[in-house]
1. Of Glu121, Glu128, which residue is within 18 Å of Ile38 (Cα to Cα), touching a Gly at 6+ places or on another chain (Cβ under 7 Å), surrounded by fewer than 18 Cβ atoms within 10 Å (Cβ to Cβ) and charged (D, E, K, R)?
2. Of the residues Gln25, Gln35, only one is polar (S, T, N, Q) and touching a Leu at 6+ places or on another chain (Cβ under 9 Å); which?
3. Looking at Thr111, Thr84 in this structure, which one is in contact (Cβ under 8 Å) with a residue 12 or more places away in the chain, among the polar types (S, T, N, Q) and closer than 26 Å to Lys3 by Cβ?
4. Check Ala37, Ala102, Ala28, Ala67 and return the single one that is more than 22 Å from Val132 (Cβ to Cβ) and among the aliphatic types (A, V, I, L, M).
5. I'd like to verify a number: residues in the stretch 1-36 that are under 12 Å from the mean Cα position of the chain (by Cα), hydrophobic (A, V, I, L, M, F, W, C) and surrounded by 14 or more Cβ atoms within 10 Å (Cβ to Cβ), how many?
6. Residues that are farther than 17 Å from Val127 by Cα and without any contact (Cβ under 8 Å) to a residue 40 or more places away in the chain: does the stretch 31-42 have at least one?
7. What's the total number of residues in the stretch 73-127 that are among the hydrophobic types (A, V, I, L, M, F, W, C), assigned to a loop (DSSP other than H, G, I, E, B), modelled with pLDDT of 95 or more and in contact with a strand residue (DSSP E or B) (Cβ under 7 Å, 6 or more places away or on another chain)?
8. Only one of (1) more than 30 Å from Gln25 (Cα to Cα); (2) among the small types (Gly, Ala, Ser); (3) in contact with a helix residue (DSSP H, G or I) (Cβ under 7 Å, 6 or more places away or on another chain); (4) not in a loop (DSSP other than H, G, I, E, B) fails for Ala131. Which number is that?
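The values are calculated or read from the model by the stated rules, or taken from the named source; none is laboratory data. A quick note: this is a predicted structure, and the numbers were derived from the prediction, not measured. As a convention, Cβ positions derive from the backbone with ideal geometry for all residues, glycine included, and neighbour counts pool all protein chains shown.
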Amino acid sequence: MEKRAINPWQWQAHSGYQQAVEVSQPSATLYCAGQAAIDAQGTPSTGDMRAQLQQVLSNVEQVVTTAGYQCRDIVQLRVYTTDTAALFGEGGSFDVFTDWVARHGIQAAATMVEVNFLAYEGLQVEVEATAVR
């Protein structure tokens, strides 16, 4: 598999995503369901945005690696949040996301959508991922 990031501009570089990612000659594709801040026993988090985002990304990582992929194989991320201010605002938690992306060398196209609610009351963030190898 070959992966090529396409960025006609550079302003997104500090945000941890690419404008587009081209994948040629993939051998397999993994489509991950949205991962929320739910622990291994199925208990939703009551933590703040930072704690929830850490759990969410840990869950994404576990699903991806359990399937035999690596996080660097992720080419698409979709972030859903009920509170954009808590995610992006002053004192927000988006650095958790950008640090995770950088740590794994992820080059992914990404989309963020604000929603009214997630699967369980109190959940604030959910992330879907697509990985190829």
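1. Unique residue meeting the criteria: Glu128.
2. Values: Gln25 fails: touching a Leu at 6+ places or on another chain (Cβ under 9 Å).
Within the list Gln25, Gln35, the selection yields Gln35.
3. Within the list Thr111, Thr84, the selection yields Thr111.
4. The match here is Ala37.
5. The qualifying residues number 2.
6. Within the stretch 31-42, one or more residues are farther than 17 Å from Val127 by Cα and without any contact (Cβ under 8 Å) to a residue 40 or more places away in the chain.
7. Looking only at the stretch 73-127, we keep the residues that are among the hydrophobic types (A, V, I, L, M, F, W, C), and these are 74-75, 77, 79, 85-88, 94, 96-97, 100-102, 106, 108-110, 112-113, 115, 117-119, 123, 125, 127.
Add one more test, that the residue is assigned to a loop (DSSP other than H, G, I, E, B), and what stays is 106, 108, 115, 117-119, 123.
If we keep only those that are modelled with pLDDT of 95 or more as well, we get 106, 108, 115, 117-118, 123.
Now restrict to residues that are in contact with a strand residue (DSSP E or B) (Cβ under 7 Å, 6 or more places away or on another chain): 106, 108, 115, 118, 123.
Matching residues across the stretch 73-127 total 5.
8. In the conditions (1) more than 30 Å from Gln25 (Cα to Cα); (2) among the small types (Gly, Ala, Ser); (3) in contact with a helix residue (DSSP H, G or I) (Cβ under 7 Å, 6 or more places away or on another chain); (4) not in a loop (DSSP other than H, G, I, E, B), Ala131 misses (1) alone.
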